[in-house]
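**Student:** Let me begin by handing over the structure; questions about it come next.
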Amino acid sequence: MTNDDLEIKRGLKDIYIDTTKSSYIDGKNGRLFYRGYDINQLANNSTFEETSYLLMHGELPNERELEKFDSELKSARKLPDKVIEIIRNVQSSHPMDVLRTSISALSAFDVDVNDNSREANLRKGIRLTAQSPAIVAAHDRIRRGENVIPPDENLSHASNFLYTLTGEIPDKEDGKLLDKDFLLHAEHGLNASSFGARITASTQSDLHSAVTTGVGILKGPSHGGAAESVMKMAMDIGEPDNTEEYIKNLLNNRGRVMGFGHRVYKSVDPRAIHLRDDAKKLGERKNQTKWYSILESIAELMVPYAKKGICQNVDFFSGAIYYLMGISEDLYTSIFTMGRIPGWTAQVMEQFEKNILIRPRLLYDGLLDIDYVPIKKRS
Ligand code: ACO
């Protein structure tokens, strides 16, 4: 076979590597399903805890099962002291770097670390889901010179995160909104970070290693880092009246409008629709409507790009929501990560169930048989 016979699919666009039951994206019609359930039904009726159970177990829990799952999550919220110590030592790094380092470090304290059975992965998935918000909150407080706040068992996963971050019991509506945001970020097909997590699992490594891989990949602005970039863009714009000039300049210079475009969705991401309405209401509730107005004016300017399949994605409004909740900009990608742990867990378990080493190939297009010249004879 010659090189000419090989077809290269750069970026693995539209390549299917296996089957899944975790989620389905209908990119043409802007629909998303977790385990067969439409994301709109889940966003309107479920909670992050219940949806995490659905993703990890494959079906919705009954009351007793959800109670048990929730209590397992709650009892896993506290971090080992030695991990808090590591966080102190790396506190000046970006929160995503701290999260990646701390998740990796947690493996040293997890009794199930090398057990790849389904039961052990469920236990580890629950622990990592509960521990990730604890890492992010502890780090943010430590770097602000504040004490680390112990978890509150009376609060939901999302409200407890806000409480341990700010030290104040959050407004019920803020807790509910963050719960929905976590749910909307929980799982999403073979996105780059889930692919990375699966590659790690395919070598028969372990869940902590796979999730650590996922965090490293999610950090990039082409993936989870976009929420932070959207809010930076909104701040650079400053006032709704400046939007047109800013966006035209950006596009004329072949820049990318952050929070727009997606490899799979060629119409509006259904998650963005939920967050758009929520960002609007939150801005009104907090008497800060300017940010939504800026985002809305960007969206209006981008309408002609919808024809090319460049539409709003999940990250377009999420940054504004976190900003209005008073969360530091550099925590936005970590919040996305916290939501995604159940999805990574579900996919890693799927990978282990019918494992095959993921090992594609690169087509070599360099020279061959070059003579080795000793260093002293090289010019
Ligand atoms: N703004 C302006 N133009 C865009 C944008 C954008 N946000 N996204 C894509 N395009 C254009 C590209 O310039 C390119 O145009 P060209 O064909 O004239 O060169 C065309 O659309 C195709 O772009 P690709 O990068 O090839 O498309 P791909 O599917 O690889 O990109 C991606 C997807 C990386 C998400 C891209 O849309 C992007 O960079 N968006 C901005 C960052 C962002 O919001 N990322 C979050 C994604 S969602 C998530 O990960 C949770």
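**Student:** Only one residue in Gly189, Gly175, Gly216, Gly220 is under 19 Å from the mean Cα position of the chain (by Cα), under 18 Å from Met96 (Cα atoms), at pLDDT 95 or above and not aliphatic (A, V, I, L, M), so which one is that?
**Tutor:** On the way: Gly189 fails: under 18 Å from Met96 (Cα atoms); Gly175 fails: under 18 Å from Met96 (Cα atoms); Gly220 fails: at pLDDT 95 or above.
When all the criteria are applied, what remains is Gly216.
**Student:** Within the set of pairs 6+ apart or on separate chains, which have a first residue in the stretch 299-323 that is without any contact (Cβ under 8 Å) to a residue 24 or more places away in the chain, a second that is basic (Lys, Arg), and C-beta atoms under 9 Å apart?
**Tutor:** Cβ pairs passing all conditions: Ala299/Arg276; Lys308/Lys266.
**Student:** Checking the condition out of contact with any Lys or Arg (no Cβ under 9 Å at 6 or more places or on another chain), more than 22 Å from Asp330 (Cα to Cα) and either among the basic types (Lys, Arg) or within 13 Å of the ligand (Cβ to nearest atom) (or both), which residue from Lys266, Lys248, Lys232 passes? First the steps, then the outcome.
**Tutor:** Details: Lys266 fails: out of contact with any Lys or Arg (no Cβ under 9 Å at 6 or more places or on another chain); Lys232 fails: more than 22 Å from Asp330 (Cα to Cα).
When all the criteria are applied, what remains is Lys248.
**Student:** Does the stretch 172-190 hold any residues that are more than 16 Å from the ligand (Cβ to nearest atom) and open to solvent by less than 10 Å² (accessible area, probe 1.4 Å), and which are they?
**Tutor:** Gly175, Leu178
**Student:** While we're on this one: Any residue at all in the stretch 277-285 that's of a type in the set (Lys, Arg), out of contact with any Ser or Thr (no Cβ under 9 Å at 6 or more places or on another chain) and more than 16 Å from the ligand (Cβ to nearest atom)? Before you say what the answer is, go through the steps one by one.
**Tutor:** Looking only at the stretch 277-285, we keep the residues that are of a type in the set (Lys, Arg), and these are 280-281, 285.
From what's left, out of contact with any Ser or Thr (no Cβ under 9 Å at 6 or more places or on another chain): 281, 285.
Going one step further and asking which of them are more than 16 Å from the ligand (Cβ to nearest atom), we end up with 281, 285.
Yes, the stretch 277-285 contains a residue that is of a type in the set (Lys, Arg), out of contact with any Ser or Thr (no Cβ under 9 Å at 6 or more places or on another chain) and more than 16 Å from the ligand (Cβ to nearest atom).
**Student:** Could you identify the single residue in Leu99, Leu66 that is more than 23 Å from the chain's Cα centre (by Cα), among the hydrophobic types (A, V, I, L, M, F, W, C) and under 20 Å from Arg340 (Cα atoms)?
**Tutor:** Within the list Leu99, Leu66, the selection yields Leu66.
**Student:** For the stretch 224-300, list the helices (runs of 4 or more DSSP H) that sit wholly inside it and hold at least 3 residues that are under 25 Å from His185 (Cβ atoms) and touching a helix residue (DSSP H, G or I) at 6+ places or on another chain (Cβ under 7 Å); which are they?
**Tutor:** Fully inside the stretch 224-300 and qualifying: 226-237, 270-285.
**Student:** Out of the residues in the stretch 33-56 that are of a type in the set (Ser, Thr, Tyr) and in contact (Cβ under 8 Å) with a residue 40 or more places away in the chain, which is most open to solvent (accessible area, probe 1.4 Å)?
**Tutor:** As a first pass, look at the stretch 33-56 and keep what is of a type in the set (Ser, Thr, Tyr): 34, 37, 46-47, 51-53.
Still in the running and in contact (Cβ under 8 Å) with a residue 40 or more places away in the chain: 34, 46-47, 51-52.
Working: Tyr34: 0, Ser46: 18, Thr47: 55, Thr51: 1, Ser52: 1 Å².
Ranking the qualifying residues of the stretch 33-56, first place goes to Thr47.
**Student:** Among the residues of the stretch 191-213, are any out of contact with any Pro (no Cβ under 8 Å at 6 or more places or on another chain), outside any helix (DSSP H, G or I), among the charged types (D, E, K, R) and open to solvent by less than 60 Å² (accessible area, probe 1.4 Å)?
**Tutor:** yes
**Student:** So, in the stretch 154-163, exactly how many residues are touching a Leu at 6+ places or on another chain (Cβ under 9 Å) and either within 16 Å of the ligand (Cβ to nearest atom) or free of Cβ contacts under 8 Å to residues at least 40 places away in the same chain (or both)?
**Tutor:** The qualifying residues number 3.
**Student:** Hey, another quick one. For the condition open to solvent by 10 Å² or more (accessible area, probe 1.4 Å), over 18 Å from Ile335 (Cβ atoms) and either assigned to a loop (DSSP other than H, G, I, E, B) or polar (S, T, N, Q) (or both), what is the one hit in Ile169, Ile84, Ile149?
**Tutor:** Checking each option against the conditions leaves just Ile169.
**Student:** Assuming Ile87 fulfils every condition listed in (1) within 21 Å of the chain's Cα centre (by Cα); (2) aliphatic (A, V, I, L, M); (3) within 25 Å of Glu350 (Cα to Cα) apart from one, which condition is it?
**Tutor:** Only one criterion in (1) within 21 Å of the chain's Cα centre (by Cα); (2) aliphatic (A, V, I, L, M); (3) within 25 Å of Glu350 (Cα to Cα) is unmet by Ile87, namely (3).
**Student:** Within the stretch 65-92, count every residue that is over 17 Å from Asp152 (Cα atoms) and of a type outside the set (D, E, K, R).
**Tutor:** So the answer is 9.
**Student:** When the stretch 305-319 is examined, which residues are found to be of a type outside the set (Gly, Ala, Ser), surrounded by fewer than 24 Cβ atoms within 10 Å (Cβ to Cβ), more than 9 Å from the ligand (Cβ to nearest atom) and part of a helix (DSSP H, G or I)?
**Tutor:** Lys307
**Student:** Being of a type outside the set (Val, Ile, Thr) and open to solvent by less than 10 Å² (accessible area, probe 1.4 Å) is the filter; apply it to the stretch 320-335 and report the residue that is farthest from the ligand (Cβ to nearest atom).
**Tutor:** If we take residues in the stretch 320-335 being of a type outside the set (Val, Ile, Thr) and open to solvent by less than 10 Å² (accessible area, probe 1.4 Å), then Leu331 is farthest from the ligand (Cβ to nearest atom).
The values are calculated or read from the model by the stated rules, or taken from the named source; none is laboratory data. Everything numeric in this text was worked out from a predicted model, so none of it was measured. Cβ atoms come from the backbone with ideal geometry, glycine included; neighbour counts cover every protein chain shown. Side chains are part of the model used for accessible areas, which takes the heavy atoms of the whole protein and leaves out ligands, DNA and RNA. Shrake-Rupley method; radii C 1.70, N 1.55, O 1.52, S 1.80 Å.
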